[in-house]
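The block underneath contains the structure these notes are about, expressed in structure tokens.
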Amino acid sequence: MAKRQFFFIRNVIYFTFSAFGGAQAHLSLLLRYFVTNINFVTEEELLELNALAQVLPGPASTQTLVGIAYKVGGLKLAIITFLIWILPSAAIMTLAAIWYSLLDQKDKLVSVFEFVHPVVLGIVAYGAFKLGKRVLTTQVSVFLAIGALVGTLVLKEAYVFPLAILIGGMVSSAIGTPTEETELRVRLFANINPKKLGYFIGVLLFMAMLGALINRTSPFSLPIRLFENFYRNGIFIFGGGQVLVPMMFTEFVQMKHYLSQTDFLSGFAFQQVLPGPTFSFTSYIGALGMKHGGYGIVGQLTGGFLAVLGINLPGLILVLFIVPFWNDLKKVSRIKYSLSGINAVSVGFIIAAFFMLIAPIGLNWLFLAILLATFLVLNFTKISPALIIIAGVVLGYII
């Protein structure tokens, strides 16, 4: 058993430093490292865990990987796997934020990243197109996506995201579920330990309310509120890293002004060239948020850690609780059918993010041409987004 876990951790390290390209590319690598090379789980088990991750809020790749680890070695191995997976990219993004905020020649760096911004917008547009093509297959899903789009653009408030996700899941579940499954539900909940259920729900709710309980005049106010902000977003992010962009942009750029649009896009572009989870981008925002609050380097390091922990913790708690009951849970139609509405709303969020981010560009034909070229390259070739971003950096450096 110890030897098997050693090889598992080795493959987690390999996966961590080769996982470029987002959740879609990550799935093929998970198949390679944990099914094909060494059969830690079956292909069917991997796909079922990935389906579970799509139903739950939080980072799909992280939850799938942690779910595999739980099946292989229990809670201890799951936590070790999570730390190996999340820490390298989060540490790099935190250091990048510190370096960016301390840099004397920030204007020169901004000019180098000038052409990266339309590339990032092209990536966002491609994400919306691909997810929309797969998800918006009914009139109801199109309606939900449009509603989320309009609500985000008009209200521009953080509460729009959880409210729209809740409505989308309820509508699609009510319309799609064919019959009641009383017997199955009774069997499912009979297998759940009430004390364990209460423990997990209690942790989720306590952490969600923590920021509201802290006096804003406290010297620890900003770090704790930052953690609460990211934790709250972690509860309501369905659809992976693509949905992360509009939520983070709305709350931390438009509402709280912790960083500028240029800072935001530069950090997101840098994250795209790194292997590992897209959610590590939050450590960059957390570090710059602490800089905005007047904290020093130690405070920024703390902000980066709190952000990436907060955004991942809800999904981590949920997947570790649900995996043991997944065989029954996946059969409940109301849960399964709610996913289509949640995904439709997520498409609306991504399209809204695209419009919000493109507005400052205006009629800059060169930027629009780069944006369109990025979209076409991603749609018709297998070139990695990381290579396109590097090309944008080189173009900015030359010009």
- request: Please find, within the stretch 371-384, the residue that is surrounded by the fewest Cβ atoms within 10 Å (Cβ to Cβ) out of those that are within 30 Å of Glu157 (Cα to Cα) and in contact with a helix residue (DSSP H, G or I) (Cβ under 6 Å, 6 or more places away or on another chain).
  value: Phe375
- prompt: How do the pairs read when you match residues in the stretch 331-343 that are within 9 Å of Ser173 (Cβ to Cβ) and at pLDDT below 75 with residues anywhere that are open to solvent by less than 20 Å² (accessible area, probe 1.4 Å) and among the small types (Gly, Ala, Ser), using Cβ under 7 Å and keeping only pairs 6 or more apart or on different chains?
  reply: Arg334/Ser173
query: Can you name the residue in the stretch 229-247 that is of a type in the set (A, V, I, L, M, F, W, C) and in contact with a helix residue (DSSP H, G or I) (Cβ under 6 Å, 6 or more places away or on another chain) and is also modelled with the highest pLDDT among such residues?
result: Phe230
- request: Considering only the stretch 31-60, state which residues are of a type in the set (D, E, K, R) and either within 16 Å of Ile322 (Cβ to Cβ) or open to solvent by less than 20 Å² (accessible area, probe 1.4 Å) (or both).
  value: Glu45, Glu48
- request: Give the residues of the stretch 353-363 that are open to solvent by less than 70 Å² (accessible area, probe 1.4 Å) and in contact (Cβ under 8 Å) with a residue 60 or more places away in the chain, sorted by residue number.
  value: Ala353, Phe354, Met356, Leu357, Ile358, Ile361
- prompt: Given the conditions (1) part of a loop (DSSP other than H, G, I, E, B); (2) more than 15 Å from Tyr126 (Cβ to Cβ); (3) β-branched (Val, Ile, Thr), and given that Ile383 satisfies all but one, which numbered condition is not satisfied?
  reply: (2)
task: Tell me which residues, restricted to the stretch 260-292, are part of a loop (DSSP other than H, G, I, E, B), open to solvent by 10 Å² or more (accessible area, probe 1.4 Å) and in contact (Cβ under 8 Å) with a residue 24 or more places away in the chain.
output: Val273, Leu274, Pro275
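The values are calculated or read from the model by the stated rules, or taken from the named source; none is laboratory data. All values derive from a computational prediction rather than experimental measurement. Cβ: placed from backbone, ideal geometry, glycine included. Neighbour counts: every protein chain shown. Note: areas computed on protein heavy atoms with side chains; ligands, DNA, RNA excluded. Shrake-Rupley method; radii C 1.70, N 1.55, O 1.52, S 1.80 Å.
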